[in-house]
Amino acid sequence: MNTILRKSVLGVAGLAFAGGVFAGPVAAHAAGTTHAAKPVSVSVQGDKLIPHGVQGEQSRIDLNDEQTKNVKAIIAATKKAGMDERAAVVSIATALQESKLENLGHLGDRNDHDSQGLFQQRPSSGWGTVEQITDPEYSTTAFLKGLKQVDGWQDMPLTKAAQTVQVSAYPDHYAQWEQQAADLVAQHWNS
């Protein structure tokens, strides 16, 4: 898909996203535990710096068993797609922002769109069926397919790479999860 067409399609999806998806997951998790933290040192695996430098204040949540299982599913799908740790960091940070790593179904009145799953993907925007986008492997693979189409994603700030795929009304919000995502990848990549 050429870049202009892809940006147009993603732009339309982003407008729909701005209309209600953000309010749904945030409202659903407003009572959740988040811990603000200053950026700390980054993890180094081989010659890859993970992350490529965190931006701004960092958030962190305590994960339950379901969320940890979803982290492992994202990592497994990333490996299956032949992508590296950086792709897993971008994916996990995105899922932390979109769903707090919970595989969300339709949020009813709290969400006036059809966004679902870890990445809040929409069947009406072509991400797949409800059954597909609520499958962690499928939804991660779909996100990674979009990420692969972003020229230079490996070298851009995480928030820009995630935003180019997700087209959020709040593009800078992905950055706050970079350190926790990097820590989770470092913890689970080889497990």
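The values are calculated or read from the model by the stated rules, or taken from the named source; none is laboratory data. This is a predicted model, so every value here is computed, not measured. Heads up, the Cβs are rebuilt from the backbone with ideal geometry, glycines too, and the neighbour counts pull from every protein chain shown. Surface accessibility is based on the protein's heavy atoms, side chains included, excluding ligands, DNA and RNA. Shrake-Rupley method; radii C 1.70, N 1.55, O 1.52, S 1.80 Å.
The figures follow:
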read-out: Cβ pairs under 6 Å, 6+ apart, first in the range 49-62 and within 13 Å of residue 184 (Cβ to Cβ) and at pLDDT below 65, second of a type in the set (Val, Ile, Thr) and open to solvent by 30 Å² or more (accessible area, probe 1.4 Å); value: 51/42
read-out: Condition check for residue 63: in contact with a helix residue (DSSP H, G or I) (Cβ under 9 Å, 6 or more places away or on another chain), in a loop (DSSP other than H, G, I, E, B) and open to solvent by 10 Å² or more (accessible area, probe 1.4 Å); value: yes
read-out: Test: residue in the range 148-166 that is acidic (Asp, Glu), at pLDDT below 95, closer than 24 Å to residue 59 by Cα and over 14 Å from the mean Cα position of the chain (by Cα); value: yes
read-out: The range 81-91: number of residues that are closer than 13 Å to residue 139 by Cα and open to solvent by 30 Å² or more (accessible area, probe 1.4 Å); value: 1
read-out: Flag for residue 78 being crowded, with 21+ Cβ neighbours inside 10 Å and either at pLDDT 95 or above or in contact with a strand residue (DSSP E or B) (Cβ under 9 Å, 6 or more places away or on another chain) (or both); value: yes
read-out: Number of the exception - residue 152 against (1) on the phi < 0 side of the Ramachandran plot; (2) without any contact (Cβ under 8 Å) to a residue 40 or more places away in the chain; value: (1)
read-out: 2 or more residues crowded, with 19+ Cβ neighbours inside 10 Å: qualifying helices (runs of 4 or more DSSP H) within the range 127-191; value: 136-148, 158-166, 178-188
